[in-house]
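A quick write-up on the structure given underneath.
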Amino acid sequence: MRTTQTRAGHPHVRCLQRASLGAGRRLVHLPGRRRSRPPSRSNSHRPQCPSSVVASDCDRLFRHGESSRFSTKLTDPHDISRHYWNMTPQQLEAIVLQAIDRARSGTPVEDDRIELKRKWPDPLTKARQLAGAANKANGDYVIYIIGVDEKTGQIVDHSEFDSADWWAQTSSQFDEVPPDLNRHFAVSVAPGEAVTALLFTTDRAPYLVKVTGGNSERDLPFRDGTRTRSMKRSELLRLLIPQSTVPPALILGARASATWYAAIDDRRESFGISGVATVFLEHTASSSIFIPIHNASASLTSEGLRFDPGLMLVTYPQETPPSFGVHNRSDGVVASGPGRFSIRFNVSLDAQDREAIRSIEHWRLTLKLPVAGSSRPIELVCEMSKRPSSFTYVSEIQEQVGNWGYGKSDS
């Protein structure tokens, strides 16, 4: 096995820039360099990701760990990113229930495509907000969950509108084309408690809304954090550029260990955390995608601590690139179908921090993997818990300070 280091940096904060790449340099995936698929292989013969694989996702829909108390990001594998037409009612219902659970636990939903609302938004004044969210999604889905308090998760009455009547009034505020209301139905949360789930598709962006009063007749809104504003020219240009598919993904397993080495001869004393994570990509689109590793980032957080480790791909020099699947290269990952790859991370720490690191029970590992040609990265999170080591070693020159893991990692 050979690993290729692609990032370097400060012991505590690893920088994404490389001298050989140059600051700000971007890798562009050119259609002309895309590997073609053999003519005999049709879509009907493409292997599909088995449900048993995606069912093991860290907190399933949130791209993380085994317990929902650690989840921070809605989506997997029901992050049907640009594949919302495949989302089943059961998948949508599961996303809704997970979002409500997070609100009740006091953890905010951090996915800007999912909004919790106590009441039906005013069709006359809030159509602009929906248009801004749809323009921001630009091909992904937008989900409204009506009848729940976003801060407390309390279920409230929202019977003032029927979903069909509300949508008829809201869609009339759009200029020519509104987002498509793909699915809408009631989701039972508990006996006597229900919310309404609305799934919007946004593959016909940009969306404009009508303006009443003033000199303007139309507005092109854009969701910016928690506010909606008019779109800038640069944002409109990006919106009109074809976007690469961002596939659903999940962390199958991850492990990390902290090791201390004493100073010997010309070797300095060192201490750090290193590990590996195995990522599964559920890529089913017809075109290939590329994940440039030099723009990827990671973070390890726990109890007020944060470290940004360097990343390197696990590559196999003798491996023949598959005609369909996932292939690791020294500069990134090429995906023409579903598959997995492994990525290593490491960060140097101060040797005086050994006891503080030893006491940590959980590390939250966050990976942000950019997709060439898309403005939305793949964001994955898992919670690694402290685990006993089968080969703990302590000596005057070397000590294994701690081990943490999530799921299974066979890399």
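A compact table of results
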{"quantity": "Calculated from backbone phi, Karplus (6.51, -1.76, 1.60) coupling profile of the range 376-388 in Hz, x at Gly/Pro", "calculated": "10, x, 7, 10, 10, 9, 9, 10, 9, 9, 5, 9, x"}
{"quantity": "Computed over the range 83-240, Kirkwood Rh from alpha-carbon pairs, angstrom", "calculated": "16.1"}
{"quantity": "Karplus 3J(HN,Hα) series, Hz, for the range 136-146 with 6.51 cos²θ - 1.76 cosθ + 1.60 (x for Gly, Pro)", "calculated": "5, 5, 6, x, 7, 8, 10, 10, 9, 10, 9"}
{"quantity": "Neighbour-count order for Phe290, Phe341, fewest beta carbons within 10 angstrom listed first", "calculated": "Phe290, Phe341"}
{"quantity": "Candidates per GluC sites (Glu not before Pro) in the range 299-383, loop by DSSP, up to 12 other Cβ within 10 Å", "calculated": "Glu303, Glu319, Glu361"}
{"quantity": "Label-point separation, Arg204 to Glu160 (7 Å along Cα→Cβ), nm", "calculated": "2.9"}
{"quantity": "Dipole axis of the range 180-248 (+1 Lys, Arg; -1 Asp, Glu on Cβ), positive-most option in Val195, Thr226, Leu236", "calculated": "Leu236"}
{"quantity": "Likely footprinting exposure, Thr315, Thr88, fewest C-beta neighbours within 10 Å first", "calculated": "Thr88, Thr315"}
{"quantity": "Charge dipole (the range 294-371, unit charges on Cβ, about Cα centre) - positive-most of Ser336, Leu313, Ile357", "calculated": "Ser336"}
{"quantity": "The range 151-242: trypsin sites (Lys or Arg not before Pro) in DSSP coil with no more than 12 other Cβ atoms inside 10 Å", "calculated": "Lys151, Lys232"}
{"quantity": "Burial ordering of Arg376, Arg387, fewest other beta-carbon atoms within 10 Å first", "calculated": "Arg387, Arg376"}
{"quantity": "Two-site label geometry, Val177 and Thr226: point separation in nm, points 7 Å out along Cα→Cβ", "calculated": "3.3"}
{"quantity": "Computed E for Glu361/Leu236 - FRET, C-beta separation, R0 41 angstrom, nearest 0.05", "calculated": "0.30"}
{"quantity": "Cα gyration tensor category, rounded, prolate or oblate, for the range 220-376 with a/c compared to 1.5", "calculated": "oblate"}
{"quantity": "Calculated FRET value between Arg387 and Phe185, using beta carbons and R₀ = 56 Å, to 0.05", "calculated": "0.85"}
{"quantity": "Reachable lysines from Lys126, criterion Cα separation under 28 angstrom, eight or more residues apart if same chain", "calculated": "Lys73, Lys117, Lys136, Lys151, Lys210, Lys232"}
{"quantity": "Restricting the range 260-323 to trypsin sites (Lys or Arg not before Pro) in coil, as DSSP defines it, with at most 10 other Cβ within 10 Å", "calculated": "Arg268"}
{"quantity": "Reachable aspartates and glutamates, given that their alpha-carbon falls under 13 Å from the alpha-carbon of Lys368 and they are not under 8 places away in the same chain", "calculated": "Asp308, Glu379"}
{"quantity": "The range 83-240, dipole about Cα centre (Lys/Arg Cβ +1, Asp/Glu Cβ -1), debye to the nearest 20", "calculated": "540"}
{"quantity": "Distance between modelled label sites at Ala94 and Ile264, nm, 7 Å Cα→Cβ extension", "calculated": "4.9"}
{"quantity": "Within-11-Å neighbourhood charge of Ala356 [Cβ basis; K, R +1; D, E -1]", "calculated": "-2"}
{"quantity": "Karplus-derived 3J(HN,Hα), 6.51/-1.76/1.60, for each residue of the range 185-190, Hz, glycine and proline x", "calculated": "6, 7, 10, 6, 9, 7"}
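Read-outs: derived from the displayed coordinates by stated rules, not from any lab. Predicted, not measured: the structure shown is a model, and the values here were computed from it. We place every Cβ from the backbone using ideal geometry, glycine too, and count neighbours over all the protein chains shown.
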